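Everything on this sheet refers to the single structure shown next.
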Amino acid sequence: MIRIECTRERYETYREHMQKLADIRAALAIMQWDQETYMPEKGADFRARQIATLSELAHERATSTELGELMESLDGAGELSEKEQKNITLNRRDFLKQKKYPAAFVRKLSETVSKSFNAWNEARKESRFSLFEKELGEVIELKKEETRLLGYSGHPYDALLDEFEKDCTTGLLDKVFGEMLPPLKILLDKIQGAPVPDDRFLHGRFEKGRQWDFGMKIIAELGFDFNAGRQDLSTHPFSTSFSPLDVRITTRIDETDFNSMLFSCIHETGHALYEQGLPTSEYGLPSGEYTSLSIHESQSRLWENHVGRSFSFCKNHFPRLQEIFPESFRTVGVNQFYRAVNRVSPSLIRTESDEVTYHFHVMIRYEIEKMLISGDLNTRDIPGYWNESYRKWLGVEVPDDRHGCLQDVHWSHGSFGYFPTYSLGSFYAAQLFASAVNTVPGLAQKLENGNVSDLLHWLRQRVHALGRIWNSEEICQKATGETLNGRHFQEYLLDKYGKIYEF
Ligand code: ZN
């Protein structure tokens, strides 16, 4: 009896420790959100200091000896429920991983990364990779050292993937990309052989206020709870969460590009619905956190592409858009609108690409990262390999480094292993959506009529409520009956684009 009480008390101490850590992280997130939205310009220096102090506090709390001992004593303690035991196992794994980083390494990496970020900025401005080469080389050397510190059993890149996507390996990614890309290439070739949809009417003049109001209505209709969140403007759209009851999203409005606001609004709403659906009772614990970046991205892409870019969504909302923007849409039919917002066009820039070509951008970065980490590619050879890959897969000529290997900030930050999660997100989204439509009676018809509440309910139960107790593949298996299967994404694209491009 005494032992049971002891374990219970210790678990409560652990819970309180983690919840206070979550409080500090939420305070950090509020400061960062404010920095991107409302902070006056002059506040920047003190804000950077405040963020650094809170980050330090959070790090101390996450790696404290007290927490380590507490979790060690609880790991395997029989009296805990399965969920509680899982929380301990997962947090202990994070803790032990943090402990593998010597303080000197962390300092060196942080210094190198800030030097490399400045070099990247400069190189990008000048469009000259050579100005970034040395600093990037140093980051890569440190990343290789990181793989040795963390340890790995297969490819060294696996150690880095783990930071963004727990339990994901190059084995899984090679298989998924290997199966996905040849059929995607065939699809792209077919699309390029067909007439190009006219999308000039999406680039007229769309007044800011009217776009904003329309976006806000759509967000509410998709199920975003405005009593537990809000939307604001920022330079780059993002979502962040301080708790499931306070989730923030941002958007940007381009008055000359209709696509930009609407679909980024829906994308960020998808992220936010996941955060709002996490169990409040599990605040601060793995059981109350999102499971992985790929599943997070699967939620944003499911809502953006499978709902927002669907024909029924266009059909249901286009008449309203014609009233709001008569000068651009009066003479346009819904079919034309649908084809225009789904136009496929190989391009140089990842963030501007469509849902078919996007994955070539990711795969190219993934191949390069893997080879850099294994030593099969030298830093100086990145531009050549990059340009050749773009020619081979997308048929586009890279005119300069700014439109090529200098376009993304990730490598300068030392984020190796992040890109694949974007593609995995799309693949999981297609599988989850197909499973929902196949298993929820009447769902297809409801979506047809613009009723999305059953879909949200299904995602809440099968994905959101599970927190981080299960990893991406386990969630996928439980929700859809199988682990990641690229067939669903392929079928979705073939069906959709076959109709749009009529082949
Ligand atoms: Zn996203």
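Summary table below
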item	result
Selected residue (only one of 425, 404, 417 is more than 16 Å from the ligand (Cβ to nearest atom) and either at positive phi or in contact with a Lys or Arg (Cβ under 8 Å, 6 or more places away or on another chain) (or both))	417
Residues of segment 415-435 that turn out to be surrounded by fewer than 24 Cβ atoms within 10 Å (Cβ to Cβ) and more than 15 Å from residue 165 (Cα to Cα), as a count	2
Segment 135-158: number of residues that are open to solvent by 10 Å² or more (accessible area, probe 1.4 Å) and touching a Ser or Thr at 6+ places or on another chain (Cβ under 8 Å)	8
Candidate set: segment 241-282, residues that are open to solvent by less than 10 Å² (accessible area, probe 1.4 Å), in a strand (DSSP E or B) and touching a helix residue (DSSP H, G or I) at 6+ places or on another chain (Cβ under 6 Å); chosen: the one nearest to residue 338 (Cα to Cα)	251
Answer from 236, 267, 271, 296 - the residue that is at pLDDT below 95 and in the same structural domain as residue 469 (by TED's automatic domain parsing)	236
Flag for residue 79 being among the acidic types (Asp, Glu) and not in a helix (DSSP H, G or I)	yes
Evaluation of residue 298 against (1) over 18 Å from residue 469 (Cβ atoms); (2) within 13 Å of the ligand (Cβ to nearest atom); (3) not acidic (Asp, Glu) (one fails), failing number	(1)
Search result, residues across segment 42-95 that are over 28 Å from the mean Cα position of the chain (by Cα) and among the aliphatic types (A, V, I, L, M)	67, 70, 71, 74, 77, 80
Number of positions in segment 446-459 that are more than 14 Å from residue 313 (Cβ to Cβ) and either open to solvent by 60 Å² or more (accessible area, probe 1.4 Å) or not assigned by TED's automatic domain parsing to the domain that holds residue 222 (or both)	2
Residue 321 being farther than 25 Å from residue 426 by Cα, touching a residue at least 60 places away in the same chain (Cβ under 8 Å) and surrounded by 20 or more Cβ atoms within 10 Å (Cβ to Cβ)	yes
Single residue of 214, 226 found to be surrounded by 15 or more Cβ atoms within 10 Å (Cβ to Cβ) and either away from the ligand (no atom under 16 Å from the Cβ) or at pLDDT 95 or above (or both)	214
Residue 190 vs. criteria more than 23 Å from residue 299 (Cβ to Cβ), part of a helix (DSSP H, G or I) and of a type in the set (D, E, K, R)	yes
Residue count for segment 388-408, restricted to those that are open to solvent by 40 Å² or more (accessible area, probe 1.4 Å) and not charged (D, E, K, R)	4
Subset of segment 1-54 (residues that are part of a helix (DSSP H, G or I), over 28 Å from residue 70 (Cα atoms) and in contact (Cβ under 8 Å) with a residue 24 or more places away in the chain)	30, 32, 33, 36, 37
Every residue from segment 278-294 that is small (Gly, Ala, Ser) and away from the ligand (no atom under 16 Å from the Cβ)	281, 284, 287, 288
Residue count, segment 240-263 (criterion: in contact (Cβ under 8 Å) with a residue 40 or more places away in the chain and either within 16 Å of the ligand (Cβ to nearest atom) or not acidic (Asp, Glu) (or both))	14
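The values are calculated or read from the model by the stated rules, or taken from the named source; none is laboratory data. Note that this is a predicted model, so its numbers are computed, not measured. Because the Cβ atoms are built from the backbone with ideal geometry, glycine has one as well, and the counts that use them run over all protein chains shown. Quick note on the areas: whole protein, heavy atoms, side chains included, nothing else; ligands and nucleic acids left out. Shrake-Rupley method; radii C 1.70, N 1.55, O 1.52, S 1.80 Å.
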